[in-house]
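Accompanying notes for the structure given below.
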Amino acid sequence: QVQLVESGGGSVQAGGSLRLSCAASGRTFSTYSMGWFRQAPGKEREFVAAVTRSGGITKYPDSVKGRFTISRDNAKNWAYLQMNSLRPEDTAVYYCAASRTIISAREYEYAYWGQGTQVTVSS
């Protein structure tokens with residue numbers, strides 16, 4: 001089992017950057033692939049990024065590809081989401097999650113979730 005806590009959210013103007021962090025408890029962090037999802041008001045939660053256990057392979061939807069970068073530090077039990085060139089449509093609550101799959105964009109394949117951190121992008 002792993003517990004996840006996100007941080008780093010906040011308010012930023014369009015074109016700005018934020019770095020989200022996800023702290024994981026337990027000694028099994030490296031056995032999980034990690035993902036980031038987001039949920040805007042009135043919308044379903046959507047996939048943002050995923051990374052394999054080693055950090056060697058990443059996955060993004062077209063909406064964030066080239067702007068967002070997911071990474072992880074297995075020695076310190078952290079996962080990160082670097083977000084550049086932010087847009088108002090990126091405004092949402094961002095969640096990190098852990099999965100037993102190799103890598104996944106599917107919400108139901110993630111067993112553990114953080115509480116979320118708010119990101120607000122103003123125009």
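The values are calculated or read from the model by the stated rules, or taken from the named source; none is laboratory data. This one's a predicted model, so the numbers in the text were calculated from it and none came from an experiment. Positions of Cβ are backbone-derived with ideal geometry, glycine not excepted, and every protein chain shown enters the neighbour counts. Just so you know, the surface numbers come from the protein's heavy atoms only, side chains and all, with ligands and any DNA or RNA stripped out. Shrake-Rupley method; radii C 1.70, N 1.55, O 1.52, S 1.80 Å.
Some notes on this structure:
- Flag if ALA98 is crowded, with 16+ Cβ neighbours inside 10 Å, under 12 Å from SER33 (Cα atoms) and touching a residue at least 12 places away in the same chain (Cβ under 8 Å): yes
- Any chance ARG38 is surrounded by 14 or more Cβ atoms within 10 Å (Cβ to Cβ) and in contact with an Asp or Glu (Cβ under 7 Å, 6 or more places away or on another chain): yes
- Just one of (1) over 16 Å from GLY116 (Cα atoms); (2) in contact with a Lys or Arg (Cβ under 7 Å, 6 or more places away or on another chain) fails for GLN82. It is (1).
- Residue match in the stretch 1-17 (condition: at pLDDT below 95, open to solvent by 40 Å² or more (accessible area, probe 1.4 Å) and assigned to a loop (DSSP other than H, G, I, E, B)): yes
- Residue in the stretch 76-88 that is without any contact (Cβ under 8 Å) to a residue 60 or more places away in the chain, open to solvent by 40 Å² or more (accessible area, probe 1.4 Å) and either small (Gly, Ala, Ser) or more than 22 Å from LYS43 (Cα to Cα) (or both) present: yes
- Flag for ASP62 being modelled with pLDDT of 95 or more and exposed (fewer than 14 other Cβ atoms within 10 Å of the Cβ): yes
- Note on the stretch 29-123: enclosed strands (runs of 3 or more DSSP E) holding 3 or more residues that are within 14 Å of the chain's Cα centre (by Cα) and farther than 20 Å from GLY10 by Cβ are 33-39, 46-51, 92-99, 110-113.
- If you check VAL119, VAL51, VAL93 for being among the aliphatic types (A, V, I, L, M), touching a Gly at 6+ places or on another chain (Cβ under 8 Å) and open to solvent by 10 Å² or more (accessible area, probe 1.4 Å), only one passes: VAL93.
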